[in-house]
Amino acid sequence: MKTLIKALGTTALVVCANCAHADPQQPSKPIVTAATKRQAVTVLLRDPAGNQLGSGILVGNGPGGHWVVSNRHVVQPQKTVCVVGADRKSTAALVLPARKGKRTQELDLALVWLPRSGKDALMVAPLAPQRLDASQLPLVIAAGYPTQLQASPDGPPYSENEGLLLPLLKKPLEGGFDLAYTAAVQKGMSGGGVFVGGELIGINGAHANPLWPGVWRDQGGKAVEEQLNSKLELVSLGISTEVIKAELKAVAVPGGEQLSSLSGVECNSARNEATERKPSQRSW
């Protein structure tokens, strides 16, 4: 070892002469990767009693708060939920009712208004500017907080699974599902994000191999072909950001009267992680 150092000594001195010396008083900046961004914008949803409901995604900022998107089946019948961020801080939030109209009420999509608890705005997910071409089979990442078999004081860990976006759906299914992908979605990950890199392309809605197989229908109520239905049983399904963007444009920030329902809601304790709400035989 000494011989090697002696042999490289001259070169080492030249290299070190050009090295920048780190200032021990100057803290290094944290490296922000696409993975850390995905985790930062993914939240855990609990009811006020501390039971796990599912996952959600921070998708927008507004005056005095933030928009969180999840599935309607995750938050029903709650009017208020507790949003737990990556820092494990829990804040009471308001679940907006479904907008009037047959098509919007059938969407398995819910918007949640999260009042800002600090001075700084939270990081929100960048929404993909346009729909991906599923025929290219792009790599996607499904994220969320899977329900634990055994409860932990810190709650369920954040999880990600990779897969491919598939060109199976020419038109949306009931519930508004218009994404099909092979990334595994576990119980508890409904409402979590579907990402390509750091961009959000949709949210999880239904996982593969449902316990109660049935017949998928399009938004007009017509049953899909048997061959397609068999394929849909084997993949995860989600709702695209195009649908999310339309819903965000159609709602207003809740006012004082609506937010009054958050008064007295405490979000400090976590109970044993419960399973997600069961909306129907087809949604989980």
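FYI, it's all coordinate maths here, none of it is from the lab. Treat the numbers as computed from the prediction; the structure is a model and nothing was measured. Here Cβ is always computed from backbone atoms with ideal geometry, including for glycine, and neighbour counts include all displayed protein chains.
Extending 7 Å from Cα along the Cβ direction at Lys231 and again at Arg99 yields two label points whose distance is 3.1 nm.
Cβ-to-Cβ counts within 10 Å put Met123, Met189 in ascending order as Met123, Met189, the fewest first.
Highest average first, the peptides 221-234, 73-86, 173-186 ordered by how many other beta carbon atoms sit within 10 Å of their residues are 173-186, 73-86, 221-234. For Val185, the residues 5 or more places off, or on other chains, whose built amide H falls under 5 Å of its own are Ala208. At the listed q of 0.17, 0.20 Å⁻¹, the Debye profile of segment 134-241, built from one uniform point per Cα, gives log10 I(q)/I(0) equal to -0.76, -1.01.
Computed from backbone phi, the HN-Hα couplings of segment 63-73 come to x, x, x, 9, 9, 10, 10, 8, 8, 4, 5 Hz, rounded to whole numbers (Karplus: 6.51 cos²θ - 1.76 cosθ + 1.60, θ = phi - 60°; Gly and Pro given as x). When a/c reaches 1.5 or more, the comparison of a/b and b/c decides; with that in mind, is segment 88-189 rounded, prolate or oblate per its Cα gyration tensor? Because a/c hits 1.5 or more and a/b fails to exceed b/c, segment 88-189 counts as oblate. With a Förster radius of 22 Å applied to the beta-carbon distance between Arg131 and Ala223, the computed FRET efficiency rounds to 0.30. Within segment 164-183, whose backbone N sits under 16 Å from a point 7 Å along Cα→Cβ of Lys245? 178-179, by backbone N distance to the label point.
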